[in-house]
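A.B. asks: A single structure is presented below for examination.
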There are 2 protein chains.
Amino acid sequence: MKTSSNKQPDKDTKTRIMDSAERAIVQSGYGAFSFRDIAEEIGIKSASVHYHYPTKGDLAVAVMTRFTDEFRALLPDPKVASIDPRAMLDGFIDGFKKKIVEQHNMSLCTMLTADKHLLPESVGVALAEFYEVKLSWLTQVFVRLNNLDEDQARLKAGQLLASLHGASVLVQATGEVDWYEKALSLWR
Amino acid sequence: MKTSSNKQPDKDTKTRIMDSAERAIVQSGYGAFSFRDIAEEIGIKSASVHYHYPTKGDLAVAVMTRFTDEFRALLPDPKVASIDPRAMLDGFIDGFKKKIVEQHNMSLCTMLTADKHLLPESVGVALAEFYEVKLSWLTQVFVRLNNLDEDQARLKAGQLLASLHGASVLVQATGEVDWYEKALSLWR
DNA sequence: TTTTATCTATCTATCAATAGGTAGATAAAA
DNA sequence: TTTTATCTACCTATTGATAGATAGATAAAA
């Protein structure tokens, strides 16, 4: 069996484009990343980026859906009894902190949410799907943790999600990283 | 006493420029509003906007500080015993909802926070000042409401502020206005 | 095996639109 | 006369996007 004969047409370039775009969106938002910047960063020309992702919206959708898939893959199954739901919650909160707050950025989803009026509708759809992934996972965790019914648990999930995103806003606006743990102490 | 003889050099145009800029920032962020759009909206040329606010940063600072001043003027003095601190808190939460959520926008401060990497430093400073106004007002309210010391009250203030901003993110991302009251039910 | 055709990934060059900002003229008001 | 507020006209830079060429790989046909 030959090595590297798998059909992986151009995975490398596509991935590098998405990596660069994700970083740019997180840092400056949808409106402020350009095909030229991305092209320069990965060492090709902007027309070649258009070859892989015809429009800016296409690229943003690709970035957002990849992010959602990776995120989903990281979450443990809430129904697996061997993991304490309390630990799952702490892991979620710590993960958010690690990915977002400590890099002095806001999350990919918060940035795209802020720019929602500028987005092609397809990106807005991908964005809403990501929030639904988070909400339904947290709901299942709260069902187990606090013996709540679905509705009550989903309410708590929304409350926690608001605390998380709001905490990141507070950190970014004030520059004081401590606000993250302070805002989240409500949940620990 | 003559009417309208007050020193108000060009308050009308300046105000109209700020109004337009504020609306544009709230709708699309710092990066996506332009002097040309503003000029067209109020019926002058972009060069005339530059006359009143030489740079984009100058205009954004003016918008943000005006917003802070108006906001501060709306808040009741937390030490006035005739107003129930519980009512003050509810008023704050309701006011946020009215100004932000019901217009399907995010707040001026959240938008600028998302764009922080793009902002001239002066805008960042004006932004941080606004958060400090909110935090210290809420701190005083919590001192009275729950008999807390300054530190404990400021912690709660941060937690509430996070819930408020996070709730607006949730509403904007999902399009479901109900998330605001759900996320805030924690505080009512 | 050679030729022909197609596909992939990149390039150069360019487009129209828009950006923030500036120079200089003008006319009215103080 | 000087100041205030506006204009016209322009500059340089950047944007998302497209057209057309090219080099190399692949695969089918002769």
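A.B. asks: Could you report segment B:11-187's accessible area per residue, 1.4 Å probe, as an integer in Å²?
C.D. replies: Spelled out: the 1.4 Å probe surface of segment B:11-187, per residue, equals 44 Å².
A.B. asks: How many Cβ atoms of partner chains, on average, are near each residue of A:50-62 if near means within 10 Å of its Cβ?
C.D. replies: 0
A.B. asks: Counting pairs on different chains as well as pairs 8 or more places apart, how many Lys pairs in segment A:73-188 have Cα atoms under 17 Å apart?
C.D. replies: Within segment A:73-188, the lysine pair count is 7.
A.B. asks: For helix A:85-99, what angle does its Cα long axis make with the longest principal axis of chain A, in degrees from 0 to 90 and rounded to 10?
C.D. replies: 40
A.B. asks: Ok, one more. Starting from the Cα gyration tensor of the protein assembly as shown, take the square roots of the eigenvalues, sort them a ≥ b ≥ c, and report rounded, prolate or oblate (rounded when a/c is under 1.5, otherwise prolate if a/b is larger than b/c, else oblate). Intermediate values should be presented prior to the final figure.
C.D. replies: Working: a/c = 2.34, a/b = 1.15, b/c = 2.04.
Here the protein assembly as shown falls in the oblate category.
A.B. asks: Hey, another quick one. Given +1 on the Cβ of Lys and Arg, -1 on the Cβ of Asp and Glu, and no further charges, what dipole in debye does segment B:112-188 carry about its Cα centre, rounded to the nearest 20?
C.D. replies: Working: 7 positive and 10 negative charges, 43 e Å.
Using only the charged Cβ atoms, the result is roughly 200 debye.
A.B. asks: Tell me the volume per residue, in Å³, of the convex hull enclosing the alpha carbons of segment B:11-187. Intermediate results must be reported in sequence, preceding the final value.
C.D. replies: Values: hull volume 21.3 nm³, N = 177.
Convex hull of Cα atoms, per residue: 120 Å³.
A.B. asks: Per DSSP helix of 4 or more residues, -39500 (n - 2.57); summed, then divided by the residues of the protein assembly as shown. What does that give at 222 nm, rounded to the nearest 500?
C.D. replies: Numbers: 18 runs with 264 residues, N = 376.
Result for the protein assembly as shown: -23000 deg cm²/dmol, rounded to the nearest 500.
A.B. asks: In addition: Could you please state, rounded to a whole Å, how far the C-alpha centre of segment A:6-81 is from the C-alpha centre of segment A:147-188?
C.D. replies: So the two Cα centres are separated by 27 Å.
A.B. asks: Might you work out the accessible area of B:D84 for me, using a 1.4 Å probe with all protein chains in place, and round it to the nearest 10 Å²?
C.D. replies: Counting only protein heavy atoms, B:D84 exposes about 80 Å² to solvent.
A.B. asks: Taking segment B:55-159, which chymotrypsin sites (Phe, Trp or Tyr not before Pro) meet the DSSP loop condition and have no more than 13 other C-beta atoms within 10 Å?
C.D. replies: Passing sites in segment B:55-159 do not exist.
A.B. asks: If one takes the longest principal axis of the Cα atoms in chain B, at what angle in degrees, from 0 to 90 and to the nearest 10, does the Cα axis of helix B:56-74 lie?
C.D. replies: Orientation of helix B:56-74: about 40 degrees from the principal axis.
A.B. asks: Taking the label point as lying 7 angstrom from Cα along the Cα-to-Cβ axis, what are the distances from B:H104 to the corresponding position in the remaining copies, in ascending order and in nanometres?
C.D. replies: 3.7
A.B. asks: How much accessible surface area, in Å² rounded to 10, belongs to the heavy atoms of A:E41 with a 1.4 Å probe?
C.D. replies: Spelled out: A:E41, probe radius 1.4 Å, area about 100 Å².
A.B. asks: Compute the acute angle (0 to 90°) between the alpha-carbon long axis of helix A:11-28 and the principal axis of greatest extent of the alpha-carbon atoms of chain A; round to the nearest 10°.
C.D. replies: Tilt relative to chain A: about 60 degrees.
A.B. asks: B:K79 label points, 7 Å along Cα→Cβ, one per copy: pairwise distances from this copy to the rest in nm, shortest first?
C.D. replies: 5.9
A.B. asks: Choose one of A:G124, A:A21, A:W137: the residue whose Cα lies farthest towards the positive end of the charge dipole of chain A (beta-carbon charges +1 Lys, Arg; -1 Asp, Glu; about the Cα centre).
C.D. replies: Positive-end residue among those listed: A:A21.
A.B. asks: List the distances, in nm and shortest first, from the label point of A:N147 to the matching label points in every other copy, placing each point 7 Å from Cα along the Cα-to-Cβ direction.
C.D. replies: 3.2
A.B. asks: Using unit Cβ charges (K, R positive; D, E negative) and no other charged atoms, how large, in debye to the nearest 20, is the dipole of segment A:11-187 about its Cα centre?
C.D. replies: For this selection, approximately 180 debye.
The values are calculated or read from the model by the stated rules, or taken from the named source; none is laboratory data. Treat the numbers as computed from the prediction; the structure is a model and nothing was measured. For neighbour counting, all protein chains shown are included, and Cβ atoms are generated from backbone atoms with ideal geometry for every residue, glycine included. Just the protein is used for accessible areas: all its heavy atoms, side chains included, with ligands, DNA and RNA removed. Shrake-Rupley method; radii C 1.70, N 1.55, O 1.52, S 1.80 Å.
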